[in-house]
Amino acid sequence: MIQKCLEVLLIPFVRIMLHIYFRQIEVAGKERVPRGVPLIYTPNHFNSVIDGLLARVFLPHDPRPLAKSTLWDIRLLRPLLVAVGAIPVYRQQDAIDESYVARNKGTFSACYDALAEGASIVLFPEGQSHSEPELQEIKTGAARIALGAEQRRGPLGIRIIPVGLTFDAKQRFRSRVLISVGEPLDPLEGLGEANAEDREAVKLLTRRIQQGIKSVTLNYPSWEEANIMSRAADLYVKRSSRDEASSSLAAEFSAHKQLSDAYRLMKERYPRKVSRIVDAVNAYDRLLKVLSIRHEHVVQEHPKLLQTIYSLRKLSLFVIRLPLALLGIFLNAAPYFLTTLVGQLKIQADRASTAKLVAGLILYPLCWTLQSGMLENEFFPAYVWWILAPLSGVSSLLFRERHAQLLEELRTYLKLNNHAEMKQELEQRLENICIEVTELLAISAASQRSAREWVTEDQI
C-alpha cells in the first residue's frame with residue numbers, strides 16, 4: 001500500500017524532473033519489447049542512480065530496478081527506492097560482515113517471485129556505475145537470475161532485453177540521452193534446459209548478454225579515441241540540418257555506431273585512413289574555434305532563418321514569454337544557485353548528475369514553499385505563488401534556450417556573410433571529413449562482407 005502511494009506521488013514528479021534535467025530523452029526500439037512474458041532489462045551503467053530512474057520511467061512495463069543495498073543508507077533516497085519497487089543487491093565490495101553477501105539469496109528469491117508474477121526487472125550487469133568509454137566486463141547475475149527463475153518457477157518464457165544508455169554529456173544540465181532497446185534474448189536458446197548451477201551455461205548466456213549490450217552501445221578503447229570519432233560521426237550525420245532525421249538521436253546513434261564499429265575493425269589495418277579523419281576533424285574544429293562559432297550554425301539555412309527571426313509570430317511570442325520568463329528567474333534563482341553549488345562539489349563523474357537531480361528534487365520544492373509563504377498577500381495567496389514558481393521556471397528555461405539560440409544563429413549568419421572565404425573554407429573542410437568517413441565505412445562494410453562470404457564458403 002505504501003509502495004503504491006509513493007509510486008503514484010513520486011513517479012510522475014520524477015518523470016517531469018528528468019524531462020527538465022535532460023533537454024531530450026528518446027527511446028528507440030520499443031517495438032522490440034515482447035508482451036506477455038517476464039522481462040529482464042540489462043542496460044549499461046554510466047550515470048549512477050539516473051540510469052535506474054531512466055529505465056524505470058521510460059522502459060515498457062515499469063521494470064523494478066535492482067539497486068545496491070547501500071543506497072538505502074541514504075535517507076533522502078529511501079522513498080524513491082520504495083516508489084520504484086527497487087530490490088536491494090548485497091555486493092561483496094560493500095560487505096560489512098560475513099552474513100552480508102549471504103543476503104543475496106533473498107535478492108534472487110525476490111527476482112524469481114517478480115518474474116514468476118509476470119513482472120519486469122532491470123539490473124546493471126556491469127555491477128557498478130563507471131565513466132569508462134566502453135562496456136566493462138559484465139557479471140553473471142543476470143544469467144543466473146534468468147536461468148534460476150526458469151529452473152525453479154518455469155517454464156516462464158523469460159526474455160532478456162539488452163539496453164544501451166547513451167548520453168551526449170551526462171554531467172551537463174539540459175543534455176540529451178538515448179535509450180536504445182536491443183533484440184530480445186531467449187536465455188534457454190542452445191542450452192536444452194535451465195540450470196543456474198551449470199557454470200558453462202551461465203558463462204555462455206553471460207557472453208550473449210554482453211554482446212547484446214555492445215550492439216546498442218558505443219565502445220572505444222580510450223576517451224581520446226571516443227571523443228575524436230564521436231565528433232567525426234556527429235559532423236557526418238549533421239552535415240545538413242535540413243535533414244529531418246538529423247534531429248533524431250536514434251539516427252545520430254546509428255551513424256556513431258557504424259563509425260565506432262568500423263574504427264575498431266580498421267584502426268590497425270588502415271591507420272593512415274583513420275589518421276586522415278582525425279586530422280580533418282581537428283582542422284575543421286580549429287577554424288570553428290578561431291571564428292567563435294558552432295558547427296550547427298554553419299549548416300543552417302540562413303535566409304529561412306532570418307525570415308523566422310523577424311516574423312511577426314516570433315516577435316509576438318518573445319513579448320508574451322518575456323514577463324513569465326523574468327518571473328521564473330526571480331522565483332527560481334535561489335534553488336538554481338544552490339543546486340549549481342552542489343554540482344561544483346568534488347563528486348565522481350558518474351554520480352554528478354544524480355547529485356544535482358536529487359538536490360533539485362529537494363531544494364526547488366523547499367525554496368518554492370519558503371518563497372510562497374513570504375510573498376503571499378490578499379491578491380496572490382501562497383498556493384498561487386507555489387504553482388507559478390515551477391511553471392514560470394520552465395518558461396524561463398525554454399525562453400533562454402530558444403532565444404539565445406536564435407541570437408547566436410543570427411550572429412553566425414552575419415559573421416559568415418562578411419567573410420565569404422571563411423565560409424567556403426569551412427564547407428571544404430566539412431566535405432573532407434564526410435569523404436574520409438564515407439570511405440572508412442565503405443572499406444569496413446566491404447571487409448565484413450568478405451569475412452561473411454569466406455565463413456559461408458568454408459562451411460559449404
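The values are calculated or read from the model by the stated rules, or taken from the named source; none is laboratory data. Fair warning: this is a prediction, and the values are worked out from it, not measured in the lab. FYI the Cβ positions are ideal-geometry reconstructions off the backbone, even for glycines, and counts take in every protein chain you see.
Scanning the range 117-159 for residues that are aliphatic (A, V, I, L, M) and more than 14 Å from ALA196 (Cβ to Cβ) returns ALA119, ILE121, VAL122, LEU123, LEU135, ILE138. THR354 fulfils the conditions (1) over 27 Å from GLN128 (Cα atoms); (2) of a type in the set (Ser, Thr, Tyr); (3) out of contact with any Gly (no Cβ under 7 Å at 6 or more places or on another chain) except for a single criterion, (1).
Residue-wise test of (1) within 30 Å of LEU18 (Cβ to Cβ); (2) assigned by TED's automatic domain parsing to the domain that holds ARG32; (3) not in a helix (DSSP H, G or I).
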residue: ILE138; (1), (2), (3): yes, yes, yes
residue: GLN151; (1), (2), (3): no, yes, no
residue: ILE161; (1), (2), (3): yes, yes, yes
residue: THR166; (1), (2), (3): yes, yes, yes
residue: LEU178; (1), (2), (3): yes, yes, yes
residue: PRO187; (1), (2), (3): no, yes, yes
residue: ALA196; (1), (2), (3): no, yes, yes
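Here ARG64 qualifies as among the basic types (Lys, Arg) and either surrounded by 14 or more Cβ atoms within 10 Å (Cβ to Cβ) or in contact with a Phe, Trp or Tyr (Cβ under 8 Å, 6 or more places away or on another chain) (or both). For the range 320-353, filtering for residues that are charged (D, E, K, R) and surrounded by fewer than 12 Cβ atoms within 10 Å (Cβ to Cβ) leaves 1. Just a yes or no: is a residue in the range 98-119 in contact (Cβ under 8 Å) with a residue 60 or more places away in the chain and within 18 Å of PHE46 (Cα to Cα)? The answer is no, given that none of the residues of the range 98-119 is in contact (Cβ under 8 Å) with a residue 60 or more places away in the chain and within 18 Å of PHE46 (Cα to Cα).
Let's see how each residue does on (1) charged (D, E, K, R); (2) surrounded by fewer than 16 Cβ atoms within 10 Å (Cβ to Cβ); (3) under 25 Å from the mean Cα position of the chain (by Cα):
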| residue | (1), (2), (3) |
| --- | --- |
| ARG207 | yes, yes, yes |
| THR217 | no, no, yes |
| ASP234 | yes, no, yes |
| ALA251 | no, no, yes |
| LYS257 | yes, no, yes |
| ARG286 | yes, yes, no |
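Can you confirm whether the range 80-90 contains a residue that is surrounded by 14 or more Cβ atoms within 10 Å (Cβ to Cβ), more than 24 Å from the chain's Cα centre (by Cα) and under 30 Å from ILE2 (Cβ atoms)? Yes: one or more hits. Residues considered: LEU388, LEU370, LEU416. Of these, the only one that is among the hydrophobic types (A, V, I, L, M, F, W, C), closer than 30 Å to ALA334 by Cβ and crowded, with 19+ Cβ neighbours inside 10 Å is LEU388. Annotation for the range 396-408: at least one member residue is touching a residue at least 40 places away in the same chain (Cβ under 8 Å), at negative phi, charged (D, E, K, R) and loosely packed, with under 14 Cβ neighbours inside 10 Å. Which of the residues belonging to the range 256-268 are at pLDDT below 90 and of a type outside the set (Asp, Glu)? Matches in the range 256-268: ARG264, LEU265, MET266, LYS267.
The set of residues in the range 166-212 that are farther than 20 Å from HIS256 by Cβ and hydrophobic (A, V, I, L, M, F, W, C) comprises PHE173, LEU185, LEU188, LEU191, ALA194, ALA196, ALA201, VAL202, LEU204, LEU205, ILE209.
Quick test for you: out of VAL163, VAL181, pick the one residue that is buried (at least 21 other Cβ atoms within 10 Å of the Cβ), farther than 30 Å from ARG400 by Cα and in contact with a Pro (Cβ under 6 Å, 6 or more places away or on another chain). Matching residue, one of VAL163, VAL181: VAL163.
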